[in-house]
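First the structure, in the form of structure tokens, and then the observations on it.
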Amino acid sequence: MAEIVRKTDPGSVYEIDMNSDVTKYFENLAKKNRELFDKYNIKAIDIMGSIGSGKTSLIENLVPRLKDKYKISVFAGDITTTIDADRIESKGGKVLEISTGGECHLDALMIAKALARIDLNNTDLLLIENVGNLICPASFPLGSHKRVVVISVTEGPYMVIKHPKMFIDADVVVINKIDLAEAMGVDPDKIAEDAVNMQPRVKVVKTNLKTGEGVDEVIKAIGL
Ligand code: MG
Ligand code: ZN
């Protein structure tokens, strides 16, 4: 990732559309990742959302429920810490930490490098926790089969309409912390409606990931 991004030397003047080259580069890599997933019969799920929305909590809930059915590997993307990886490991998940070294999203090259370090024959479900951020992960496909976006009612009522790109590409939207909706003055049904308006084929599930409420519905919505 770094090699190609650094070509746009900060402060230098350039007229070429670097953006399209970079996009194509990562799209090709994402395609290769997908080919690898399919070759090894791995279902890959990209889990995105803001910091604190509940991405790690979702994975902590998914791992114990799915570990008898699938051989699960988890990639935990984080800018610097291993907090999330440690939490997921405590639930019995095999976790590979992807430290992005300052980047605010995962990209397909980071995933390709991580894939080279796990036993693909011994994995049939890969859960990828993206970096906590609702903006640029939307522009960096990883090659995953499904994209899950986790939002929390504590983020306010406008998360969907303020992040159209993220929600247009979503397969499943998880609205978390519904136990706090009333206190926050946020209507989860309105958020769900916004998500469906943005992407009519999206599946929306309301959860309280502290108690595990809604997790079985998330599993169904993802198709696991
Ligand atoms: Mg997390
Ligand atoms: Zn980013």
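Residue count for the range 57-89 satisfying the condition of being in contact (Cβ under 8 Å) with a residue 60 or more places away in the chain, more than 17 Å from the chain's Cα centre (by Cα) and not in a loop (DSSP other than H, G, I, E, B): 2. Only one of G52, G92 is outside any helix (DSSP H, G or I) and within 22 Å of I151 (Cβ to Cβ); which? None of the other options fit; the residue is G52. Filtered by the rule that a residue be without any contact (Cβ under 8 Å) to a residue 12 or more places away in the chain and part of a helix (DSSP H, G or I), the range 198-224 gives a lone residue, K220.
Would you mind stating whether E89 is touching a helix residue (DSSP H, G or I) at 6+ places or on another chain (Cβ under 9 Å) and at pLDDT below 95? Answer is no for this residue. Filtered by the rule that a residue be of a type in the set (S, T, N, Q) and surrounded by fewer than 22 Cβ atoms within 10 Å (Cβ to Cβ), the range 59-91 gives T80, T81, T82, S90.
Of everything in the range 99-110, what is in contact with a strand residue (DSSP E or B) (Cβ under 7 Å, 6 or more places away or on another chain) and crowded, with 21+ Cβ neighbours inside 10 Å? Give them in sequence order. Steps first, answer last, please.
Taking the range 99-110 and keeping what is in contact with a strand residue (DSSP E or B) (Cβ under 7 Å, 6 or more places away or on another chain), we get 99-100, 104-106, 110.
Matches in the range 99-110: H105, L106, M110.
The set of residues from the range 130-159 being within 16 Å of ligand 2 (Cβ to nearest atom), of a type outside the set (K, R) and in contact (Cβ under 8 Å) with a residue 40 or more places away in the chain comprises N130, V131, G132, N133, L134, P137, A138, S139, F140, P141, L142, V149. In the range 111-153, how many residues are in a helix (DSSP H, G or I), surrounded by fewer than 17 Cβ atoms within 10 Å (Cβ to Cβ) and not hydrophobic (A, V, I, L, M, F, W, C)? Of the residues in that region, 4 qualify. Can you pull out the residues in the range 154-173 that are in a helix (DSSP H, G or I), surrounded by fewer than 21 Cβ atoms within 10 Å (Cβ to Cβ) and touching a helix residue (DSSP H, G or I) at 6+ places or on another chain (Cβ under 7 Å)? Those that are in a helix (DSSP H, G or I), surrounded by fewer than 21 Cβ atoms within 10 Å (Cβ to Cβ) and touching a helix residue (DSSP H, G or I) at 6+ places or on another chain (Cβ under 7 Å): T154, I161, P164, K165, I168. Could you tell me which of the residues L134, L58, L62 is within 28 Å of K165 (Cα to Cα) and modelled with pLDDT under 95? One residue alone meets the criteria, L134. In contact with a Ser or Thr (Cβ under 9 Å, 6 or more places away or on another chain) and either within 16 Å of ligand 2 (Cβ to nearest atom) or of a type in the set (S, T, Y) (or both): is that true of T56 in this structure? No.
The values are calculated or read from the model by the stated rules, or taken from the named source; none is laboratory data. Bear in mind that the values here come from a model prediction, so they are computed numbers and not experimental data. Please note: Cβ atoms are built from the backbone with ideal geometry, for glycine as well, and neighbour counts cover all protein chains shown.
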